[in-house]
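S.K.: Dumping the structure here so I can ask a few things about it.
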Amino acid sequence: MSSDQERPFHTTGDVQTETREARTGAGTDNRFNSKLREAFGSSPFILTKFDKFMNWVRGSSMFMLQFGIACCSIEMMHTYAVKHDLDRFGAGVPRASPRQADVIIVPGTIVSKFAPRMKRVYDQMPEPKFVVGMGSCTISGGPFQQGYNVVKGAEEVIPVDIHVPGCPPRPEALVYGVAKLQERIANGESSPVTVKPYELEQFSDLDRDEVVDKLADQIDEDDLVMRYNWADSP
Amino acid sequence: MSKGESLPETTEPTTADDVAALIGDDLLDREEHVNAPGFVIRPDSVQDVLFRLRDEAGYDHLSCVSAQEYEDRYESIYHLKKFDDPTDEVSVVVPAAKDDPVSESAEPVFRTADWHEREAYDLVGIEYDDHPDLRRILLPETWQGHPLGLDYDQDRPQIVPLREHANPLQEDHEDDDGDTMFLNIGPHHPATHGVLHLETVLDGEQVIDVESDIGYLHRCEEQMAQQGTYRYQIMPYPDRWDYISAGLLNEYAYARAAEDLADIDVPEYAQVIRTMGAEMCRIASHMLAVGTFALDVYGDFTAIFMYAIRDREKMQDLLEDLTGQRLMFNYFRLGGVVWDLPEPREEFFEKVRDFLDELPEALEEYHDLISTNEILQVRTVGTGVLPPDVAKSYGATGPVARGSGIDYDLRRDDPYGYYDELDWDVCVEDGCDNYSRLLVRLREVEESAKIIEQCIDLLEDWPEDERTIQSNVPRTLRPEDDKEIYRAVEGAKGELGIYMRADGTDKPARFKIRSPCFSNLQTLPEMSNGEYVPDLIAALGSLDIVLGEVDR
């Protein structure tokens, strides 16, 4: 931790911090508000140093969620396995449980039936958590964007830190995306939380309209539902 | 090719008129599809007719049910074949009224009709009388409207509930004796090979009932194809049906169907390249099947999985040299392939030969680690048993059928491409269990290597001025109105078929994909009911499903 040269993900100067402040305003990003930070809150000098240390630790040892959806998950498996070996960068041991994971790579098309489940898995991950959107489908719906059942990108449901474009992206591209994410984490950066039109809500909280009335006898009042307003989709 | 003489003698060839006589009074009309004669029958006598066709004329394979809506009626087409001779096909066309689309279910005759008819109900809106469990299969149960119907409004809002977080030990999940337990496996679980949801009822550790809940990756492949033009816009999508590197096999399915629909010839040179590319994909696909199967059985992210990925990487490098992409090749064109072999050709041939030379040793390793391993044998021999008659009733094909002793391989039985000029064998095992399916895949890798080697020999000696990679195909294809075709190829998982109906425009009016995994997955309860949970996982692994193709 002593010098800049030893920090693997340190880039030049203050550029990264400036962009963050330009975007999120001055002050800290509350996704990094840890218990430790609160404990050391009274001594600011140690606090900043310790934060940097924690960020470096986070960036250098990330546990990915073992989460396969579609075509991209095949390339994701190749990224984890021999030849590309994501573990070289301290980010390659997939965890089967979301409770143990820091990063979720979303590798594929998200359809209406799956989005509530993905939201649930994301909610189960402990903070701080990060999302890598892999492939065109997680950006916009990709080649399936016009489908009647396809959610137009992962950002409709959960916030995404890094987008890796491609259909599917090569393993090298995913490695680059993950390394970029590590760099941002090590610098204490995170993406702003985007607008998320699709939330899980209780059925009784939905505004009454034609569709809700029609489904009233099929869905319980307190069931969680996700409502898709396809007409407003990008 | 070792065909012909080894084929069992079929009964008297049934002519279209014989079939018509067999259908008798239930026949309303005759049609002519490109692949088979079509018989329009009364919607309330589907079971009678199919029983007669199955038991008296030998059409024992319901390969697909295509449903569609016309301006004036609904229609379900039952594509029937014979396992002994898949070139002997008939299409049974069942019309249904526009205002009240109901026809009789074929489920009592062919078990596979269960899911196919549920899909038709879900996407098109035809209701099937006498169906045991007619509900939505791909879309959420609260979905409004039938998206492949003619008047579907894609912009209407939809509400999807999340119910699976209920406590599985709640009282209402137990039966009267309170002995059973309800267990959710998936939709996000490493052993389900994607986003499959298994609703399992357990008695102790034994599976009493398992029901697959699919549709978590239903990304409207059929709609996408119906929106694309034949010539260029459809070809990228097949790569994404079965995405385990089986892209060229899937492209073959579309290429074959569309070329037969629009009468396009393929130069011989391009056919050899296609055949070689397809078998390369089969090796890559089977490698992943074997690797993840071992992963399921051993629960270990180590040696075998990594070995399989290593060999897949080599194959993907070769495919990248050939096509320019690692996974989504988009290499076939109607009438040929998009470009010739990479230059310098000698280097490409050498690389392929190197791979083929190393393959026997690599397979030896797999056999050491997997098939001769006592632990794996204990887990797989005699578990997940699928008797041949059950497999046939469910329309199982590919390694799943061949592992149950059904000698059925479209590459030999309904030849296309260059397969009938080459020397190779169909691998059949009659153990009917998880182990047999594994062995079939490992042996098929050897056979594919034989095919690739022969293709390489042919390509090496091909005269330079005869290397035509594409025939002359019109820029815009408009097959005649109301021309219908169902064509299948042997994909990595089994019979991958496509039904297309032309309407005189440059886009298909109906594009239906017959996915082998969809039918194969249907056999899961037969294989796992009464077995232990780990055997259920092994059986699922041995089916080698890919959810992109199950859900489409």
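The values are calculated or read from the model by the stated rules, or taken from the named source; none is laboratory data. Here the structure is a predicted model, which means the values were calculated and not measured. No Cβ is skipped: glycine too gets one built from the backbone with ideal geometry, and neighbour counts run over all protein chains shown. These accessible areas exclude ligands, DNA and RNA; they are computed on the full protein's heavy atoms, side chains included. Shrake-Rupley method; radii C 1.70, N 1.55, O 1.52, S 1.80 Å.
S.K.: Mind checking which lysines have their Cα closer than 24 Å to the Cα of residue B:483? Skip sequence neighbours fewer than 8 apart in that chain.
M.R.: B:81, B:82, B:98, B:507, B:512
S.K.: If you don't mind, there's one more thing I want to ask. State the volume of the convex hull built on the alpha-carbon positions of the protein assembly as shown, expressed per residue in Å³ and rounded to an integer.
M.R.: 185 Å³
S.K.: Order the following by accessible area, largest value first: A:83, B:493, B:483. Probe radius 1.4 Å; ligands, DNA and RNA are ignored.
M.R.: On the way: A:83 110, B:493 5, B:483 40 Å².
Accessible-area ranking of A:83, B:493, B:483, largest first: A:83, B:483, B:493.
S.K.: To continue, here is another question. Nearest 20 debye, what's the magnitude of the dipole of the protein assembly as shown about its Cα centre given +1 on Lys and Arg Cβ and -1 on Asp and Glu Cβ? Walk me through the intermediate numbers first.
M.R.: Values: 76 positive and 153 negative charges, 800 e Å.
It works out to roughly 3840 debye.
S.K.: I want the antiparallel fraction of DSSP beta bridges within chain B, as a percent rounded to 5.
M.R.: Numbers: 52 of 58 bridges.
Around 90 percent antiparallel, to the nearest 5.
S.K.: Could you provide, to the nearest whole Å², the per residue accessible area of the protein assembly as shown with probe 1.4 Å?
M.R.: Details: 29260 Å² over 786 residues.
I get 37 Å² per residue for the protein assembly as shown.
S.K.: Of B:124, B:103, B:147, whose Cα points farthest to the positive end of the dipole of the stretch B:78-162 (charges on the beta-carbon: +1 Lys, Arg; -1 Asp, Glu; origin at the Cα centre)?
M.R.: Value: B:147.
S.K.: With a 1.4 Å probe and all protein chains kept in place, how much accessible area does residue A:198 have, in Å² rounded to the nearest 10?
M.R.: We get 10 Å² for residue A:198.
S.K.: Projected onto the charge dipole of chain B (+1 at Lys/Arg Cβ, -1 at Asp/Glu Cβ, origin at the Cα centre), which of B:372, B:528, B:315 gives the Cα projection farthest towards the positive end?
M.R.: Checking the options against the dipole of chain B, the answer is B:315.
S.K.: How high is the relative contact order of chain B, given as a whole-number percent (alpha carbon pairs under 8 Å, six or more residues apart)?
M.R.: Working: 1120 pairs, mean separation 96.1, N = 552.
For chain B, the relative contact order is 17 percent.
S.K.: Taking a 32 Å limit on the Cα-Cα distance, which of the listed pairs A:119/A:180; A:129/B:351; A:113/B:314 fall beyond it? List each step's numbers first, then the result.
M.R.: Numbers: A:119/A:180 24 Å; A:129/B:351 43 Å; A:113/B:314 36 Å.
The pairs that break the limit, which is 32 Å between Cα atoms, are A:129/B:351; A:113/B:314.
S.K.: Right, something else. Pull up the DSSP beta bridges for the protein assembly as shown and report the antiparallel fraction as a percent, rounded to 5.
M.R.: Values: 61 of 78 bridges.
Percentage antiparallel, nearest 5: 80.
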